[in-house]
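S.K.: One structure, pasted below without further comment.
Quick note: the coordinates plus some simple rules give every number you see, no bench work behind them. Quick caveat, the model's predicted, so the values are computed rather than measured. We place every Cβ from the backbone using ideal geometry, glycine too, and count neighbours over all the protein chains shown.
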Amino acid sequence: MTTLTTDSPLATSYVQATNYYEGRNRPIRVAVFHTMEYPERPTGAEWCLNYFAGKLGKAPMASVHYTCDADSIGQGVREKDTAFTTPGANADGISVEHAGYAAQRDDATGWQDDYSTRLLDNSARLFADICTRNRIPLVHLSDAQLAAGARGIIGHDQATRVYRKSTHTDPGTHFPWSRFMAAVVKAAGRPAPAPSGQVLSLGSVGENVRHLQQGLNRVFPTYSRLSTDGSYGPRTVAVIREFQTRAKAAGRYTSGVDGITGPATRKALASYGVTF
Ligand SMILES: [Zn+2]
């Protein structure tokens with residue numbers, strides 16, 4: 001028996017799906033959470049792989065990169081290839097199907113039951129790995145951000161609302177996004193997103209970093225052309241240093257030129273109309 005290597009070290013089996021495109025028309029931008037609408041069983045990941053590979057009957061015109069249940073992860077389409085999972089976001093998405101139903105509520109018989117708890121832990125590790133390898137920020141995008149082309153994590157329902165090419169509403173209105181995202185960030189071993197008001201510096205990630213980057217690009221286009229990825233990297237540090245130097249010369253900032261966005265820098269930025 002041939003064992004195919006998986007892209008994610010967390011996937012323990014590879015069963016090639018029948019229907020997919022080789023390659024991609026756009027660079028990878030989003031990781032997409034789906035529910036299979038299949039019972040919470042230990043064999044969910046394996047069932048889904050076999051289903052898309054046509055081993056349980058005629059292969060559907062659908063496929064997915066990864067399948068996940070409470071105790072295993074499988075792969076059915078290469079990350080470099082295009083799976084048919086999320087109409088509108090297939091060309092730039094990596095999709096993951098999960099055992100369970102979108103109708104679940106966030107309660108003790110739904111997303112908080114034992115199976116779901118283990119499933120979400122397992123999935124959080126996979127999303128952390130996928131996003132880290134593909135440089136996808138560990139942020140849950142809003143529909144508006146998805147529509148604007150931002151990079152991050154979404155549910156299938158969001159692609160349905162934004163691109164209107166599907167009717168699917170998984171993983172459902174009760175999906176515990178904030179708990180899941182906290183688990184993804186924790187699994188990635190990265191600093192947690194800074195809440196608004198906190199000092200932002202090298203290594204900070206999150207929505208407020210993205211808003212800061214967007215504001216800098218808008219107000220200071222001569223020296224700020226940052227990718228608005230929500231990750232406070234060396235280029236963001238350099239732009240903040242430039243801002244601090246110029247604001248100091250203009251008498252609107254009196255603290256250090258350190259590339260750190262603390263209270264004084266935040267106040268100076270606000271005086272130029274950059275808030276986040
Ligand atoms: Zn879906």
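S.K.: Normalised by the number of residues in the chain, what is the relative contact order in percent for Cα pairs under 8 Å and 6+ residues apart?
M.R.: This gives 16 percent for the chain.
S.K.: I'd like the antiparallel share, as a percent to the nearest 5, of DSSP beta bridges with both residues in the chain.
M.R.: Antiparallel bridges make up about 35 percent of those DSSP assigns within the chain.
S.K.: Stretched out fully, how many nm does the piece from T169 to K248 gain, at 0.36 nm a residue minus the Cα gap?
M.R.: Difference between extended and current length: 23.4 nm.
S.K.: Once you place label points 7 Å from the Cα toward the Cβ at N19 and D114, how far apart are they in nm?
M.R.: That separation, rounded to one decimal, is 3.8 nm.
S.K.: Say we join alpha carbon atoms closer than 10 Å with springs in a Gaussian network model of the chain; which of E79, E40, E97 then has the biggest fluctuation?
M.R.: E40
S.K.: Quick one: Karplus J couplings for the range 95-107, per residue in order, coefficients 6.51, -1.76, 1.60, θ = phi - 60°, nearest Hz, x for Gly and Pro?
M.R.: 10, 10, 9, 10, 4, x, 10, 5, 6, 4, 9, 8, 9
S.K.: For the range 164-173, just list the computed ³J(HN,Hα) in residue order, Karplus coefficients 6.51, -1.76 and 1.60, θ = phi - 60°, integers in Hz, with x standing in for Gly and Pro.
M.R.: Computed from phi, the couplings for the range 164-173 are 6, 10, 8, 10, 6, 10, 6, x, x, 6 Hz.
S.K.: Label points 7 Å out from Cα along the Cβ direction at R179 and D81: separation in nm?
M.R.: Distance between label points: 3.5 nm.
S.K.: Output wanted: per-residue J couplings in Hz (rounded whole) for the range 7-24, from phi through Karplus 6.51 cos²θ - 1.76 cosθ + 1.60, θ = phi - 60°, x for Gly and Pro.
M.R.: 6, 9, x, 7, 7, 9, 8, 10, 10, 4, 5, 6, 10, 6, 10, 6, x, 9
S.K.: OK, next. Below 8 Å between Cα atoms, with a sequence gap of 6+, how large is the relative contact order for the range 1-72 in percent?
M.R.: It comes to 37 percent, rounded to a whole number.
S.K.: Cα-based Rg (one decimal) and Dmax (whole number) for the range 153-276, in Å?
M.R.: 17.4, 55
S.K.: With springs connecting C-alpha atoms under 10 Å apart, model the chain as a Gaussian network and identify which of A238, A102, A70 has the largest mean-square fluctuation.
M.R.: A238
S.K.: Let me ask another. Hey, with R₀ at 51 Å, roughly what FRET efficiency would T5 and K267 work out to, going by the Cβ-Cβ distance, to 0.05?
M.R.: 0.45
S.K.: So what does log10 I(q)/I(0) come out to for the chain at q = 0.09, 0.13, 0.15, 0.16 Å⁻¹, using the Debye formula with one equal point on every Cα and no solvent?
M.R.: Computed log10 I(q)/I(0) values: -0.47, -0.85, -1.04, -1.14.
S.K.: Sticking with this one: Once you've got the GNM for the chain with C-alpha springs shorter than 10 Å, pick whichever of G262, G172, G206 has the biggest mean-square fluctuation.
M.R.: G262
S.K.: Given H placed on each backbone N at 1.01 Å, which residues far from H98 in sequence or on other chains put an amide H within less than 5 Å of it?
M.R.: H34, T35, M36, C68
S.K.: Using only the Cα atoms of the range 207-271, construct the convex hull and provide its projected area averaged over every direction, in square nanometres to one decimal.
M.R.: 3.8
S.K.: Please identify which residues in the range 215-246 have an amide N closer than 13 Å to a label point set 7 Å out from the Cα of S142, following the Cα→Cβ vector.
M.R.: What the label zone holds, given the 13 Å backbone N cut-off, is no residue at all.
S.K.: Where in the chain are the helices, taken as whole DSSP H runs, whose Cα atoms extend 27 angstrom or more along the long axis and whose Kyte-Doolittle mean reaches at least -1.0?
M.R.: Counting only whole DSSP H runs, the qualifying helices are 114-133.
S.K.: Which whole-number percent gives the relative contact order of the range 30-175, counting Cα pairs below 8 Å spaced six or more residues apart?
M.R.: Across the range 30-175, relative contact order equals 30 percent.
S.K.: Take the Cα gyration tensor of the range 1-130, multiply each eigenvalue by 5, square-root it, and list the three semi-axes largest first, rounded to whole angstrom.
M.R.: Calculated on Cα positions only, the semi-axes equal 23, 16, 14 Å.
S.K.: Follow-up. Give me the distance between the Cα centres of the range 165-184 and the range 221-276, rounded to whole Å.
M.R.: So the two Cα centres are separated by 34 Å.
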